[in-house]
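Take a look at the structure below.
Bear in mind that the values in this text are calculations on the coordinates, not laboratory data. It should be emphasised that the depicted structure is a prediction, and the values quoted were computed from it without experimental measurement. For neighbour counting, all protein chains shown are included, and Cβ atoms are generated from backbone atoms with ideal geometry for every residue, glycine included.
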């Protein structure tokens, strides 16, 4: 039985392990290997603790927990970080599932919880960024009703420019 609940400080090590291994698996061949090799769970725990404290206002962190009480997925959402003019737009900042469990429905369950939280927060639309070459994630979000809106940006990872495409979905009141 899978459940989704609010993340607590005690979940930070598990979330960091999921995030780091998630990056290393999903972004291999997309983000420079030197960047991925430099990621450590220990460093991410420190960063995640600081982020978790700051995000208590303005962001919601959710974790998926399996029947044994183990954290197997994490999502973070909040107000869209773009132009700042629309309070009706939310943004999915992150969604990661333990790599060995991808395809088991955890991501879909987490995304449904994100949509429910976004509706509760008064967002009528959700936006998110996906690495352009991350075809698995792009298919996942497209199956969930997200559409690429034509906006592209690039981030630098160890001197390599990696492009991202923005996706958008209109939320339905009371849905999911």
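At-a-glance table
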{"item": "Matching residues, the stretch 18-37, being within 15 Å of the chain's Cα centre (by Cα) and in a loop (DSSP other than H, G, I, E, B)", "result": "27"}
{"item": "Extreme residue, surrounded by the fewest Cβ atoms within 10 Å (Cβ to Cβ), among residues of the stretch 1-16 that are within 14 Å of the chain's Cα centre (by Cα) and in a helix (DSSP H, G or I)", "result": "16"}
{"item": "Strands (runs of 3 or more DSSP E) enclosed by the stretch 87-176 - at least 1 residues per element that are under 17 Å from the mean Cα position of the chain (by Cα) and crowded, with 17+ Cβ neighbours inside 10 Å", "result": "89-97, 125-131, 160-170"}
{"item": "Selection status of residue 113, in contact (Cβ under 8 Å) with a residue 12 or more places away in the chain, in contact with a helix residue (DSSP H, G or I) (Cβ under 8 Å, 6 or more places away or on another chain) and under 26 Å from residue 21 (Cα atoms)", "result": "no"}
{"item": "Residues of the stretch 132-172 satisfying the condition of being free of Cβ contacts under 8 Å to residues at least 60 places away in the same chain and on the phi > 0 side of the Ramachandran plot", "result": "145, 150"}
{"item": "Among residues of the stretch 38-61, those that are touching a strand residue (DSSP E or B) at 6+ places or on another chain (Cβ under 9 Å) and part of a helix (DSSP H, G or I), counted", "result": "2"}
